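Student: I have a structure here, written as C-alpha cells, and I will follow up with some questions on it.
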Amino acid sequence: MARCEETAYHRDKGTENNMPNLIPYPATVNPTEGQFKLTTSSQILTDLSHETLSALANHLAEQLQHRTGARYSLANTHDGPRNIRLRFNDKTDLGEEGYELSITENGTLLTAPQPAGVYYGIQTFLQLIPTPPNGPISLPAVSIRDTPRFAWRGAMLDVVRHFFSVQDVKRYIDLISHYKMNRLHLHLTDDQGWRIEIKSWPRLTEYGGQTQVGGGRGGFYTQEQYREIVAYAASRFVTIVPEIDTPGHTNAALASYAELNCDGQAPTLYEGTEVGFSSLCINKEITYTFLEDVIRELAAITPGPCIHIGGDEAKSTPEDDYKTFIKRMQEIVRAHGKTPIGWAEIGEAQLLPGTIAQHWIGTSYQEAKAQGAKIILSPANKTYLDMKYDPSTTLGLDWVGYTSVKDSYDWEPGGYMHLLEETDILGLEAPIWTETLPTMKDLEYLAFPRLPGLAELAWSPKGMSWQAYKQRLAAHGRQMDAMGINFFRSPDVDWV
Ligand code: TNX
C-alpha cells in the first residue's frame, strides 16, 4: 500500500506520461496546473551586482538563445509576470548543489543556497524547453526540489592515446556539466604521450608529447592552457582532477629522459596500444626528484583538492617495489597539500589516511576499503564509455565485453560491489579511453547516450527504473540533436 507521506513522484519515479523528460531525474517533481509562457518581453531577473549570479544569468540567456533563437534580456528588477527569476535562498538542507525550481503561469523562480545549485537548476530549466521550439514557448507548470545522491559525479577523459584540444575539452565540460556531473578527471600522461607542460622537465612535452596512438602529432597543454581549462571548468562547477599515471604507463617520460631509466637508456617513443610494459625506476632517487617537481608544478596550477597518481597495470614493477613506490608517491602528493587518488590496485600497498581508490576491475578495492579508503566506482563493464555497444559498433574496445545503453544504466551502484556499503562510495566516474577515438565526433558517439544515464545514476535517488528512463531518453534524443551531439541511436530505445 502506498504511504501517505509519499508524493506521486515517489511512487512513480518518472514513469507517468506527464512527468517531464529530465535527465538526471530530480529528487522530487510535482507537476502542477497550467503553463508558463515565455514572451518576447520576458526577462531574466537577478541581482546583477552579484558577479556569480550575473554570470549565471548570462549563461542562461546564452543557452536559451541557442535553444530558442530569442535573446532574453537581463534586468535587476525584482518581480513581474512571465519572467525568470534567479536568486539565492538560505535552505541549508539543499546543500552546495541543491536547488528549487518553481514554474507557474506567473513565472519561473529558481533558488538555491549556492551558485552550483543555481547552475544545476538552470540545466533542469533548459531541458524543459520544448525541442525544437515550434512557435510560442510554453513550459508545463511544475515544482521541483532537487539534491544529488552522490558527491562525486565524474567523467574521465584520456587525452593521451589521442590528444584533444582545449576547445574539445571545453565542449566535453559543457556536455558533462549539463548532466550535472561535477568532476573531470584528465588522464594527462601515459606510454603514448605526456600532455602537461612541466617547466623544470621541458623535454616531457617537447619530445614526449609529440606522439599519439597510430602515429599522429600528439600535443600538450601549456600550463597557461591548463589554467584556462581549470577556469572554464570552474565556471561550469566542474573540478579538474589531473592524473599523472605512475609507476607504469610511463614510456613517454622514460623516452624523454634517459636518466629516469634503471639502465640509463631511453626507450623509443610508443604509438601502439599495449599496456603494462613500462615502469619508473623505483630504486633511483632521481625518480622522486622528478615526481616531486612534476607534482609541485601541477599542484600549483590545480585549485582542486585531488591529484590522481594512477597506479594501474604496473605489470613491469616488482610487487615490493610497487608498494614502496605507492607509499612515497602519496607522500609527495600530500606534501603539496593535495589528496591522492589512485586506481584501486593501490589498495595492495599501504594507503595514507584520506587516500581515495578508484575501482575499475578486480577486487583490490576491498584492500583499499579495509584500510579506510573511500571508493569511486568506475566498474569497466558498466562505466567504460570506450566499450563497444554491440558487435556492430566499429569504434571502441571490447575487452570487458559489449556494454549496451541498457547495461550501462540498469544497475544499482549502492549494492553492486561485493562488500561495499553505500557509505564507502564517494560516487561514480565514467572514463573514456581514446585508443580508437581520434576525434570529438568519435568520442561523442561512444559517450552518448551512455553518459547521461551514468550521470543519472550518480545524481538521482536510488530506485529509478530502466523502463521509465528509456522513455525519457527517447524524448531526449532531440535535445542531444539540438546540442549537436553525435550520439548512438541505440536499438534499446524507441527514439521519438
Ligand atoms: C585499461 S582502466 C586501462 C587503460 C586502457 C583501458 C582501455 C585502467 C586503469 N587502465 O590503460 O586505456 O583499459 O579500456
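Student: Please work out if residue 131 is of a type in the set (S, T, N, Q), surrounded by 17 or more Cβ atoms within 10 Å (Cβ to Cβ) and at pLDDT 95 or above. Before the answer, list the steps.
Tutor: On the way: of a type in the set (S, T, N, Q): yes; surrounded by 17 or more Cβ atoms within 10 Å (Cβ to Cβ): yes; at pLDDT 95 or above: no.
No, not satisfied.
Student: Given the conditions (1) in a loop (DSSP other than H, G, I, E, B); (2) buried (at least 18 other Cβ atoms within 10 Å of the Cβ), and given that residue 402 satisfies all but one, which numbered condition is not satisfied?
Tutor: Only one criterion in (1) in a loop (DSSP other than H, G, I, E, B); (2) buried (at least 18 other Cβ atoms within 10 Å of the Cβ) is unmet by residue 402, namely (2).
Student: To continue, here is another question. Within 13 Å of residue 175 (Cα to Cα) and modelled with pLDDT of 95 or more: which single residue out of 455, 468, 474 fits that description? Please lay out each step first, then the result.
Tutor: Details: 468 fails: within 13 Å of residue 175 (Cα to Cα); 474 fails: within 13 Å of residue 175 (Cα to Cα).
After ruling out the rest, the residue left standing is 455.
Student: Applying the selection to region 327-355, what residues are among the hydrophobic types (A, V, I, L, M, F, W, C) and more than 14 Å from the ligand (Cβ to nearest atom)? Outline the logic, then answer.
Tutor: If we filter region 327-355 for residues that are among the hydrophobic types (A, V, I, L, M, F, W, C), which is where we start, we get 329, 332-333, 335, 341, 343-344, 346, 349, 351-352.
Across region 327-355, the qualifying residues are 329, 332, 333, 335, 349, 351, 352.
Student: Among the residues of region 364-399, which ones are under 16 Å from the mean Cα position of the chain (by Cα) and hydroxyl-bearing (Ser, Thr, Tyr)?
Tutor: 378, 383, 384
Student: A further question follows. Is there any pair linking a residue in region 390-406 that is at positive phi to one that is outside any loop (DSSP other than H, G, I, E, B) and within 12 Å of the ligand (Cβ to nearest atom), with Cβ under 8 Å and at least six apart or on different chains, and which?
Tutor: Cβ pairs passing all conditions: 396/387; 396/446; 401/381; 401/387.
Student: Scan region 371-385 and give yes if some residue there is in contact with a Cys (Cβ under 9 Å, 6 or more places away or on another chain) and over 25 Å from residue 493 (Cα atoms), otherwise no. Step through it out loud before you land on a result.
Tutor: Just the residues of region 371-385 that are in contact with a Cys (Cβ under 9 Å, 6 or more places away or on another chain), to begin with: none.
For region 371-385, residues in contact with a Cys (Cβ under 9 Å, 6 or more places away or on another chain) and over 25 Å from residue 493 (Cα atoms): absent.
Student: Another question, if that's okay. Got a number for residues in region 300-326 being farther than 16 Å from residue 342 by Cα and within 29 Å of the chain's Cα centre (by Cα)?
Tutor: So the count comes out to 4.
Student: Here's a follow-up. In region 313-324, what residues are within 16 Å of residue 357 (Cα to Cα) and either more than 16 Å from the ligand (Cβ to nearest atom) or modelled with pLDDT under 95 (or both)? Break it down stepwise before answering.
Tutor: Just the residues of region 313-324 that are within 16 Å of residue 357 (Cα to Cα), to begin with: 313-314, 322-323.
Within region 313-324, 323 is the sole residue that qualifies.
Student: So if I check each of 304, 337, 310, which one is modelled with pLDDT of 95 or more and within 22 Å of residue 192 (Cα to Cα)? Break it down into steps so the answer makes sense when it comes.
Tutor: Numbers: 304 fails: within 22 Å of residue 192 (Cα to Cα); 337 fails: within 22 Å of residue 192 (Cα to Cα).
Unique residue meeting the criteria: 310.
Student: Okay, moving on. Examine region 448-459 for a residue that is surrounded by fewer than 20 Cβ atoms within 10 Å (Cβ to Cβ) and within 16 Å of the ligand (Cβ to nearest atom), and state whether such a residue exists.
Tutor: no
Student: Touching a strand residue (DSSP E or B) at 6+ places or on another chain (Cβ under 8 Å), more than 29 Å from residue 260 (Cα to Cα) and outside the structural domain of residue 50 (by TED's automatic domain parsing): which single residue out of 173, 122, 196, 129 fits that description? It would help to see each step written out before you state the result.
Tutor: Working: 122 fails: outside the structural domain of residue 50 (by TED's automatic domain parsing); 196 fails: more than 29 Å from residue 260 (Cα to Cα); 129 fails: outside the structural domain of residue 50 (by TED's automatic domain parsing).
Exactly one residue qualifies, and that residue is 173.
Student: For region 418-436, state whether one or more residues are closer than 23 Å to residue 249 by Cα, out of contact with any strand residue (DSSP E or B) (no Cβ under 8 Å at 6 or more places or on another chain) and within 16 Å of the ligand (Cβ to nearest atom).
Tutor: At the first step, the residues of region 418-436 found to be closer than 23 Å to residue 249 by Cα are 429-436.
Retained after the next criterion (residues that are out of contact with any strand residue (DSSP E or B) (no Cβ under 8 Å at 6 or more places or on another chain)): none.
No, the conditions are met nowhere in region 418-436.
Student: May I pose another question? Only one of 443, 451, 428, 419 is assigned by TED's automatic domain parsing to the domain that holds residue 357, in a loop (DSSP other than H, G, I, E, B) and of a type outside the set (Val, Ile, Thr); which?
Tutor: Details: 443 fails: in a loop (DSSP other than H, G, I, E, B); 451 fails: in a loop (DSSP other than H, G, I, E, B); 428 fails: in a loop (DSSP other than H, G, I, E, B).
Among 443, 451, 428, 419, only 419 is assigned by TED's automatic domain parsing to the domain that holds residue 357, in a loop (DSSP other than H, G, I, E, B) and of a type outside the set (Val, Ile, Thr).
Student: Of the residues 374, 388, 369, only one is of a type outside the set (Phe, Trp, Tyr), within 20 Å of residue 155 (Cα to Cα) and more than 16 Å from the ligand (Cβ to nearest atom); which? I'd like the intermediate steps shown before the answer.
Tutor: Numbers: 388 fails: more than 16 Å from the ligand (Cβ to nearest atom); 369 fails: within 20 Å of residue 155 (Cα to Cα).
The match here is 374.
Student: Residues being at pLDDT 50 or above, more than 24 Å from residue 477 (Cβ to Cβ) and aliphatic (A, V, I, L, M): count how many of those fall in region 1-36.
Tutor: Counting residues in region 1-36 that are at pLDDT 50 or above, more than 24 Å from residue 477 (Cβ to Cβ) and aliphatic (A, V, I, L, M) gives 1.
Student: Just to verify a result, which residue in region 255-309, among those that are acidic (Asp, Glu) and either at positive phi or within 16 Å of the ligand (Cβ to nearest atom) (or both), is surrounded by the fewest Cβ atoms within 10 Å (Cβ to Cβ)? Write out each step before concluding.
Tutor: Our first condition is that a residue be acidic (Asp, Glu); within region 255-309, this holds for 259, 263, 271, 274, 285, 292-293, 297.
Subsequent filtering for residues that are either at positive phi or within 16 Å of the ligand (Cβ to nearest atom) (or both) retains 271, 274.
Details: 271: 16, 274: 9.
Applying the filter and picking the extreme gives 274.
Student: Search region 328-363 for residues being under 23 Å from the mean Cα position of the chain (by Cα) and assigned to a helix (DSSP H, G or I), and hand back the single one that is surrounded by the most Cβ atoms within 10 Å (Cβ to Cβ).
Tutor: Once the filter is applied, the top-ranked residue is 346.
Student: Given 315, 369, which one is touching a residue at least 40 places away in the same chain (Cβ under 8 Å), closer than 22 Å to residue 430 by Cα and among the basic types (Lys, Arg)? So that I can check it myself, show each step before the final result.
Tutor: Working: 315 fails: closer than 22 Å to residue 430 by Cα.
From the options 315, 369, the qualifying one is 369.
The values are calculated or read from the model by the stated rules, or taken from the named source; none is laboratory data. Just so we're clear, the structure is a prediction, and the values are computed from it rather than from any experiment. As a convention, Cβ positions derive from the backbone with ideal geometry for all residues, glycine included, and neighbour counts pool all protein chains shown.
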